[in-house]
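The values are calculated or read from the model by the stated rules, or taken from the named source; none is laboratory data. Everything numeric here is computed off the predicted structure, so don't read it as measured data. Glycine gets a Cβ as well: all are built from the backbone with ideal geometry, and neighbour counts include every protein chain shown.
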Amino acid sequence: MNSQAFDRLIKALLDGDQSVAVAEAVDLRNAGVDNEQIIIGGIETAMGKLEAKCTVEQFNLLEIMLAGRAVTGVIKALYPDGPPPATRETVALASLEGDVHDLGKNIVKTVLLAKGYRVVDCGKDCPLETLIDKAEREGARTICISGLITSIMPLVRQVLPMLQIRGLTGIKVLAGGAALKQASANSLNVHYVADSVFDCVRYLEESTGQAPVQSQ
Amino acid sequence: MNSLQRIQAAIHFEQTDRVPVIPQVFAHAAVLVGKTLGAYIRDGETLAQCQLKAIAHYGYDAVFALMDAGLETEAVGSRLLYRNDIYPCVERYALDNIRDLDGLVVPDPNLSGRMPELLKAANILRRELRNEVLIVGCVLGPMTLAMQLMGPEKALFLAADEPDLFGRVLDFATDVAISFGLAQIEAGVHTPFVFDPSASPAVVPPQFFREFLLSRLKRLFSALKSGGSLSNWLHIAGPAETIFPYYPEAGVEIANFDYCVNPMRARKLLPETCLNGNIKPLSFVEATTGDISAECAGLLAQLAPGRGYILSSGCEIPPEAKPENVAAMVSASRAKE
């Protein structure tokens, strides 16, 4: 019975149907399933399926946003007093100074939260110093930069040297977004350029796990 | 054959003396002549003079009376944040609250925001270039303007949650585009470029395009054509192959395609539509002239023999592009003369 209920929850999440997803998650909990199981069997499975779908078919922001909203709704319903503790590393996320577009950044945030990462959102139009200060203070292991305009590229190239000056050599730097993904990791002076939000997640999982990261 | 004749021939798949070349030079024209981007997008006279100097410098086939993606939403009532060296962004959306939809009024292009400045630029460009060169205007497509009126996240959630209501936002956006596009034609542009990057399959699925956007684009292009537009030119960014089959029904006559689209795939999907594209915009900043020349040669080899092709970038050439790279693209089109 739980298996069918999980299937319904996963379907609702993939459909981006927040109210049905929340109702299914609450039903599962009322049936005695604990929150952690609902997250692993429901949310993480749905995100995996969404990732697989976006790899095979056309990736589109609308679908990801709707699924992300449904995930957020389920987490809020399961943890009304605040989100559960993150199970994975801390990621600092920003659109850099001069770039005021944050749709891409917000989608990355939603997906990372759903995957269990702790996200420090440094916002849009974020000065480099602020991003690095926050990354250091919050113990981020990765900085993700989303960029929709090419004019921020000189700033992106400064991130690694600034981290090195501060002795923060263990922090990985990722770039993505419509403008930045046109460039190579070498030309941006970052560790990786992600083609999509799921490519970003793959890199994070591989770079912090056992599997080696494929070079671009 | 002058530039305008060359482009008209390309649109109709007729023989041309060489392949027309239209780098999408917008604010790069300001950088080229030493003006700030801030001045360029606020003052029609400055914009026109920069465009005139840029075409004199490069020798390509079209100029653009085009400011930025905030122009229409500002005219409707959004507040923009301006800076000198980057395009403005929306600080407060005119349709922050959907309940204000009924109160929105289609702006008068002769009175609202910077629209009169853009019309002034169009007027100057036409007066100076007459019918020698294609004078291109620009209107935001319905999806992009809807997102500029509401903010992208609100717009997309509304589209999913209350599709009928979102349809009304799209209808309003289409009305704005028609009104502004017709005013541009009246002011001297030959064709208003319809810029709708947010209609990309990277943003919304193809079914959404079919159900929500196709009819609005059709209405927009039909109105522009009736108003005297030389051709219906559409730009949708990103991997747009899945929506190309809808372009003929929308009335598209020139399809700008982005760098991530395979040129021959675009030709196969749009056999009777003039194509323009698709050098990666960033290449104009980062690549060498040799890279640009080689890429252009590749495109010309694939698409020039079948006619109906305009050599171009896949989207706007970044303002900070290297001038020698833009020049390399123009030279590549002349290598076939």
- Looking at B:Arg18, B:Arg6, which one is of a type in the set (Lys, Arg), out of contact with any Leu (no Cβ under 8 Å at 6 or more places or on another chain) and buried (at least 20 other Cβ atoms within 10 Å of the Cβ)? B:Arg6
- Query: Of all residues in the stretch A:6-44, which are in contact with an Asp or Glu (Cβ under 6 Å, 6 or more places away or on another chain) and of a type in the set (A, V, I, L, M, F, W, C)?
  - Reply: A:Leu9, A:Ala12
- Item | Subset of the stretch B:267-299 [within 14 Å of B:Ala332 (Cβ to Cβ), within 14 Å of another protein chain (Cβ to nearest Cβ) and in contact with a strand residue (DSSP E or B) (Cβ under 8 Å, 6 or more places away or on another chain)] | B:Asn278, B:Ile279, B:Phe284, B:Glu295
- Item | Positions within the stretch A:16-37 being part of a helix (DSSP H, G or I) and modelled with pLDDT under 95, in sequence order | A:Asn35, A:Glu36, A:Gln37
- When every residue in the stretch B:126-141 that is more than 17 Å from the chain's Cα centre (by Cα) and not basic (Lys, Arg) is compared, the one surrounded by the most Cβ atoms within 10 Å (Cβ to Cβ) is B:Leu129
- Query: Which of the residues belonging to the stretch A:75-104 are within 17 Å of A:Ser151 (Cα to Cα) and more than 15 Å from the chain's Cα centre (by Cα)?
  - Reply: A:Leu96, A:Glu97, A:Gly98, A:Asp99, A:Val100, A:His101
- Go over the candidates B:Val203, B:Val176, B:Val189 one by one and state the one that is under 17 Å from B:Ala240 (Cα atoms), β-branched (Val, Ile, Thr) and crowded, with 18+ Cβ neighbours inside 10 Å. B:Val203
- Task: Could you please find all residues in the stretch B:230-250 being crowded, with 18+ Cβ neighbours inside 10 Å and more than 12 Å from every other protein chain (Cβ to nearest Cβ)?
- Result: B:Leu230, B:Ser231, B:Asn232, B:Trp233, B:Leu234, B:His235, B:Ile236, B:Phe244, B:Tyr247, B:Ala250
- Message: Here is a check on your reading of the model: is B:Asp171 touching a helix residue (DSSP H, G or I) at 6+ places or on another chain (Cβ under 9 Å) and more than 30 Å from B:Ser3 (Cβ to Cβ)?
- Response: yes
- Query: Which residue out of B:Gly227, B:Gly151 is in contact (Cβ under 8 Å) with a residue 24 or more places away in the chain, surrounded by fewer than 22 Cβ atoms within 10 Å (Cβ to Cβ) and more than 28 Å from B:Arg79 (Cα to Cα)?
  - Reply: B:Gly227
- Message: One residue is enough: does the stretch B:209-230 have a residue meeting the conditions in contact with a Lys or Arg (Cβ under 8 Å, 6 or more places away or on another chain) and at pLDDT 95 or above?
- Response: no
- Item | Counted residues, the stretch B:206-224 - those being under 21 Å from B:Ala266 (Cα atoms) and either buried (at least 24 other Cβ atoms within 10 Å of the Cβ) or more than 14 Å from chain A (Cβ to nearest Cβ) (or both) | 5
- Task: Of all residues in the stretch A:126-175, count the ones that are surrounded by fewer than 24 Cβ atoms within 10 Å (Cβ to Cβ), of a type in the set (Gly, Ala, Ser), more than 14 Å from every other protein chain (Cβ to nearest Cβ) and touching a residue at least 40 places away in the same chain (Cβ under 8 Å).
- Result: 1
- Message: From the list B:Leu81, B:Leu111, B:Leu104, exactly one residue is away from chain A (no Cβ under 14 Å), over 21 Å from the mean Cα position of the chain (by Cα), surrounded by fewer than 23 Cβ atoms within 10 Å (Cβ to Cβ) and without any contact (Cβ under 8 Å) to a residue 12 or more places away in the chain. Which is it?
- Response: B:Leu111
- Task: Please tell me if B:Leu217 is within 15 Å of the chain's Cα centre (by Cα) and on the phi < 0 side of the Ramachandran plot.
- Result: yes
- Selection from the stretch B:147-173 of residues out of contact with any Phe, Trp or Tyr (no Cβ under 7 Å at 6 or more places or on another chain) and more than 13 Å from chain A (Cβ to nearest Cβ) yields B:Glu162, B:Asp164, B:Leu165, B:Arg168, B:Val169, B:Asp171, B:Phe172, B:Ala173
- Filtered residue count, the stretch B:1-16, keeping only those that are closer than 14 Å to B:Tyr60 by Cα and not aliphatic (A, V, I, L, M): 4
- Among what's in the stretch A:94-125 and is within 14 Å of another protein chain (Cβ to nearest Cβ) and of a type in the set (A, V, I, L, M, F, W, C), pick the residue that is surrounded by the most Cβ atoms within 10 Å (Cβ to Cβ). A:Val108
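This table checks each residue for (1) among the small types (Gly, Ala, Ser); (2) in a helix (DSSP H, G or I).
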position: B:Glu74; (1), (2): no, yes
position: B:Asn84; (1), (2): no, no
position: B:Arg99; (1), (2): no, yes
position: B:Pro109; (1), (2): no, no
position: B:Ser112; (1), (2): yes, no
position: B:Pro116; (1), (2): no, yes
position: B:Lys120; (1), (2): no, yes
position: B:Met147; (1), (2): no, yes
- Message: What's the total number of residues in the stretch B:15-44 that are in a loop (DSSP other than H, G, I, E, B) and either under 15 Å from B:Leu275 (Cβ atoms) or modelled with pLDDT under 95 (or both)?
- Response: 4
- Could you identify the single residue in A:Lys53, A:Lys115, A:Lys105 that is over 28 Å from A:Met162 (Cα atoms), out of contact with any His (no Cβ under 6 Å at 6 or more places or on another chain), basic (Lys, Arg) and assigned by TED's automatic domain parsing to the domain that holds A:Ser146? A:Lys115
- Query: Within the bounds of the stretch A:54-74, is there any residue that is among the aromatic types (Phe, Trp, Tyr), more than 13 Å from the chain's Cα centre (by Cα) and either surrounded by fewer than 19 Cβ atoms within 10 Å (Cβ to Cβ) or within 22 Å of A:Gly170 (Cα to Cα) (or both)?
  - Reply: no
